[in-house]
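A.B. asks: Below is the structure I would like to discuss, written out as structure tokens.
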Amino acid sequence: MGNDEAQPDARGAVNRTDSDRRNSRRAFLRTTSAGVTSVALAGTVTASAASAQQAAPAAAPQGAPPASAAALAWAVTPACSGQETPDSIEGPLFKPASPERGDVVTPGTQGVRIDLAGVVYDTACTPLPDTLIEFWQCDQNGDYDTSGFGLRGHQYTNNRGAFLLRTIIPRDYWGRWGQRAPHIHTRVQAPGSPLLVTQLYFPDDTKAYGRDFAALNAADRLLNRACTIALTTRPGGAYSGTFDFVLKTTS
Ligand SMILES: [Fe+2]
């Protein structure tokens, strides 16, 4: 229970003080910068990482591929498509007043870890600092925390429009819209701009919980392939992911 049609479960709320939130904000700012850098240095060159780093050229890491190969990877990766990120339904389980934090994994949550990094752009591919992003998702069993704030949180993009979410890959579930592939719900809003509500998905070859992501994606009638996270594997079965949002900034 606990999916889009379920009742609240019995898990406890995460009580956070104002001091916690301030510390969380500072921690996010630190981890965002470090996290995006690590993505780029690890060779998982993506639009988000490349764009986030354009103001700060990265030094060649030890053991990095030859410069020519690295240059080719960067050259063929588009920085920003300019195509507006498609919207989707919000679903009934969004909760306002979530904690401000980049790491939404609370004690007791098991699952395949993923660090999701990206940049929020406008349709002219200008990064959007101070953009509010809300994330919420179900856990490794397909359950949403409806009594507390497990796997829920909000954050603001940094001065380069970048964000970093530390979470787990959610599981599929059956709900009012039928079979749902694993997805992360988001609400994204730049200052003074329209709200984007959408959902992010995972590639067909994602390995988590013994599930067939290709079949699950194919069966999900809400899924939009344009909202697929780009994944790379990390040691121990964890993932790094990237997704860039492109927002319309005028009503
Ligand atoms: Fe959902």
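A.B. asks: Name the long-range amide H neighbours of residue 249: under 5 Å, sequence gap of 5 or more, or other chain; modelled H, no Pro or chain starts.
C.D. replies: Distant-sequence amide H within range of residue 249: 123.
A.B. asks: Can you list residues from other chains, or at least 5 along the same chain, whose modelled amide H is less than 5 Å from the amide H of residue 100?
C.D. replies: Distant-sequence amide H within range of residue 100: 154.
A.B. asks: What is the spin-label model distance, in nm, from residue 214 to residue 123 if the labels are put 7 Å beyond Cα along the C-beta direction?
C.D. replies: Calculated label separation equals 3.6 nm.
A.B. asks: Which distance in nm do the two modelled labels at residue 141 and residue 97 give, with both placed 7 Å along the Cα-to-Cβ direction?
C.D. replies: Rounded to a tenth, the inter-label distance reads 2.6 nm.
A short reminder: the numbers here are calculations on the coordinates, not readings from a lab. In this text the structure is predicted, and so the values were computed from the model without any measurement. When we count neighbours, we look across all protein chains shown, and the Cβ atoms used for this are built from the backbone with ideal geometry, even at glycine.
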